[in-house]
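What follows is a short report on a single structure.
The values are calculated or read from the model by the stated rules, or taken from the named source; none is laboratory data. As the structure is a computational prediction, the values presented were derived from the model and not from experiment. With ideal geometry, Cβ positions are generated from the backbone for all residues, glycine too; neighbour counts draw on all protein chains shown.
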There are 2 protein chains.
Amino acid sequence: MKATVVVRLKSEVLDPQGDAVRRALGTLGFEGVKNVRIGKIVEIEIDEAHSKDPKDLTERLAKMSDEMLANPVIEDYEVKLG
Amino acid sequence: MKATVVVRLKSEVLDPQGDAVRRALGTLGFEGVKNVRIGKIVEIEIDEAHSKDPKDLTERLAKMSDEMLANPVIEDYEVKLG
């Protein structure tokens, strides 16, 4: 089973990397770019034995995110199965 | 209009960061994690004037990806509108 965890900076947190990309896109001549936010996508493959119960799997992925994949102080995360 | 570009390492490219996360998850006691791949998600806000024609916008986002958001040698990208 494949699962995806999308990790984003919280909306109130500044994103200097995103701002740098926005300015660079403007320099390259791409007009109309109002805002850029950069996040992380973690794609996890779980073996069959540990992915039978979707509810349990979602809870375990949330625990992985809380403990390791996301920094709870500045980041939010979203878990998607499949 | 919001658009998202998901940038991933090509499948044949090793992902040491993903491997490190996989091992760390195992150390934290999360069983059944067979593989982890880490990518980038770039969320772009484009003003109305430059996002009227979805086909044109998709082409411009692909051009942004080719020129800047993704490294064509080791990365693939996927453009999603909305």
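Any residue in the range B:50-63 that is farther than 16 Å from A:Ile38 by Cβ and in contact with a Pro (Cβ under 7 Å, 6 or more places away or on another chain)?
Of the range B:50-63, the ones farther than 16 Å from A:Ile38 by Cβ are B:50-60, B:62-63.
Subset that is in contact with a Pro (Cβ under 7 Å, 6 or more places away or on another chain): none.
Taking every residue of the range B:50-63 in turn, none turns out to be farther than 16 Å from A:Ile38 by Cβ and in contact with a Pro (Cβ under 7 Å, 6 or more places away or on another chain).
For the range B:5-20, which residues satisfy the criterion of being more than 7 Å from chain A (Cβ to nearest Cβ) and aliphatic (A, V, I, L, M)? Don't jump to the end; show me each part of the working.
Quick first cut of the range B:5-20, residues more than 7 Å from chain A (Cβ to nearest Cβ) only: B:5, B:7-20.
Residues satisfying the conditions are B:Val5, B:Val7, B:Leu9, B:Val13, B:Leu14, B:Ala20.
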Quiz item: What pairs come up if the first residue lies in the range B:1-25 and is buried (at least 18 other Cβ atoms within 10 Å of the Cβ), the second is of a type in the set (Phe, Trp, Tyr), and their beta carbons are under 9 Å apart, counting only those six or more places apart or on different chains?
Solution: B:Val5/B:Tyr77; B:Val6/B:Tyr77; B:Val7/B:Tyr77; B:Arg8/B:Tyr77
Quiz prompt | Count of the range B:31-82 residues which are surrounded by fewer than 19 Cβ atoms within 10 Å (Cβ to Cβ), away from every other protein chain (no Cβ under 11 Å) and not acidic (Asp, Glu) | solution = 11
Practice problem: Determine, yes or no, whether A:Ser65 is touching a Phe, Trp or Tyr at 6+ places or on another chain (Cβ under 7 Å) and under 21 Å from A:Val6 (Cα atoms). | Solution: yes
Self-check item: All strands (runs of 3 or more DSSP E) inside chain B with 2 or more residues being more than 15 Å from the chain's Cα centre (by Cα) and modelled with pLDDT of 95 or more
Solution: B:33-46
